[in-house]
Amino acid sequence: MTTLCAPTSEVTCFGCCPPIRPPHYDPLDYAGSLRREFSENRAAFLTHGPGYRPIVGYSCWALGFLDARGRTVGCLLHPAQNGGQDLRELVDYGSKCARESCLPAREFSRLPPQGRRFWLTLVAGYNSFYYSSRRANPLFHILEWGARLLEILRLQSLELGWSSTELLARHRFLLAPNLKPRAHRYILAGLLSRNSLAACSPQGLYQELQQIRSAAVEFDEAQGPPPCDQPAHPAHQLPLPHDLLDFIRFGLGLPRTSLERAGQLKAYLDRLIER
Ligand code: SF4
Ligand code: SF4
């Protein structure tokens, strides 16, 4: 199966290596020095083989070019590079390295093969440095809309004969950095279940999204704090749709709430979406 980390034999992502990085680190800012570092790391690994050496600072000696032409970048200690043997403990961060997985990669893995192909056309021609950059690679933002909504968007685009590029050119808000996908995807999926993209003007869809979100914020504020007989729980643990819980956490900024209050909010939101 195609993964977001290694979508083709020509391109890989190394955006989460090494696991300790300065805030807002983007490898594209350091492409020149990283190229040299990746060549040197590959040459040293091929010459001397693996050995125990903890990561020092922000760079990892095991991150290097995976091919002789310097197209793909990745972990030289990964099982895929060592006949199935995981050597990442040699940098002292092995378990952290093995656990590392970003939200976009997890959402990508939930897409069917046709969905993966559809969205990957957005990055056709990218090299591994551009592909690994959150600033340059639109997939990091787009995938936060979530696999369920991305499938709705893809299927409606196909009916209209749109490519992924055409969809985003028409509905630019899907890429807007100030519009958090996780705070809006429950509402947008609801709106697109009721109306197809063909029937929505891009501006109208965006405005409706914002109006519903603002109305839900006012509704929640008007309720005041939950009564004592309604205990608050971590919002992400409530037995309600995942996208709704993301709206509560990221759209309303509530890390905890009661099941009753979340249920009332869902009923209110669903009424607004159905209108
Ligand atoms: S940043 Fe995400 S896509 Fe890139 S290598 Fe890490 S988990 Fe994979
Ligand atoms: S050991 Fe491998 S996975 Fe871990 S930081 Fe280094 S290059 Fe990345």
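The values are calculated or read from the model by the stated rules, or taken from the named source; none is laboratory data. As the structure is a computational prediction, the values presented were derived from the model and not from experiment. Here Cβ is always computed from backbone atoms with ideal geometry, including for glycine, and neighbour counts include all displayed protein chains.
Within the bounds of the range 123-146, is there any residue that is in contact with a Lys or Arg (Cβ under 7 Å, 6 or more places away or on another chain), under 30 Å from THR47 (Cβ atoms), of a type in the set (S, T, N, Q) and within 16 Å of ligand 2 (Cβ to nearest atom)?
The answer is yes, given that some residue of the range 123-146 is in contact with a Lys or Arg (Cβ under 7 Å, 6 or more places away or on another chain), under 30 Å from THR47 (Cβ atoms), of a type in the set (S, T, N, Q) and within 16 Å of ligand 2 (Cβ to nearest atom).
Filter the range 27-72 for residues that are crowded, with 18+ Cβ neighbours inside 10 Å, among the aromatic types (Phe, Trp, Tyr) and in a loop (DSSP other than H, G, I, E, B) and give the result.
Hit for the range 27-72 is TRP61, nothing else.
Filter the range 73-121 for residues that are part of a strand (DSSP E or B) and more than 8 Å from ligand 2 (Cβ to nearest atom) and give the result.
Our first condition is that a residue be part of a strand (DSSP E or B); within the range 73-121, this holds for 73-75.
Listed by number, the list holds a single entry, VAL73.
Given the conditions (1) in contact (Cβ under 8 Å) with a residue 40 or more places away in the chain; (2) under 30 Å from LYS180 (Cα atoms), report the number of the one that LEU63 does not fulfil.
(2)
Of all residues being surrounded by 15 or more Cβ atoms within 10 Å (Cβ to Cβ) and not hydrophobic (A, V, I, L, M, F, W, C) in the range 11-24, which is farthest from GLY70 (Cα to Cα)? Just the residue, please.
PRO18
Test TYR186 against the stated conditions and say whether it is of a type in the set (Ser, Thr, Tyr), at pLDDT below 95 and buried (at least 18 other Cβ atoms within 10 Å of the Cβ). Write out each step before concluding.
Working: of a type in the set (Ser, Thr, Tyr): yes; at pLDDT below 95: no; buried (at least 18 other Cβ atoms within 10 Å of the Cβ): yes.
Spelling it out, it is not the case that TYR186 is of a type in the set (Ser, Thr, Tyr), at pLDDT below 95 and buried (at least 18 other Cβ atoms within 10 Å of the Cβ).
May I ask you to list the residues in the range 9-34 that are in contact (Cβ under 8 Å) with a residue 40 or more places away in the chain and away from ligand 2 (no atom under 15 Å from the Cβ)?
Those that are in contact (Cβ under 8 Å) with a residue 40 or more places away in the chain and away from ligand 2 (no atom under 15 Å from the Cβ): SER9, GLU10, VAL11, ASP26, LEU28, ALA31.
Could you check THR8 against (1) within 14 Å of ligand 1 (Cβ to nearest atom); (2) not in a loop (DSSP other than H, G, I, E, B) and say which number it fails?
Of (1) within 14 Å of ligand 1 (Cβ to nearest atom); (2) not in a loop (DSSP other than H, G, I, E, B), only one is false for THR8: (2).
How many residues are of a type outside the set (D, E, K, R) and either surrounded by fewer than 17 Cβ atoms within 10 Å (Cβ to Cβ) or assigned to a strand (DSSP E or B) (or both) if we restrict to the range 260-275? Write out each step before concluding.
Quick first cut of the range 260-275, residues of a type outside the set (D, E, K, R) only: 262-265, 267-269, 272-273.
If we keep only those that are either surrounded by fewer than 17 Cβ atoms within 10 Å (Cβ to Cβ) or assigned to a strand (DSSP E or B) (or both) too, we end up with 263-264, 267-268.
Residues that pass the stated criteria total 4.
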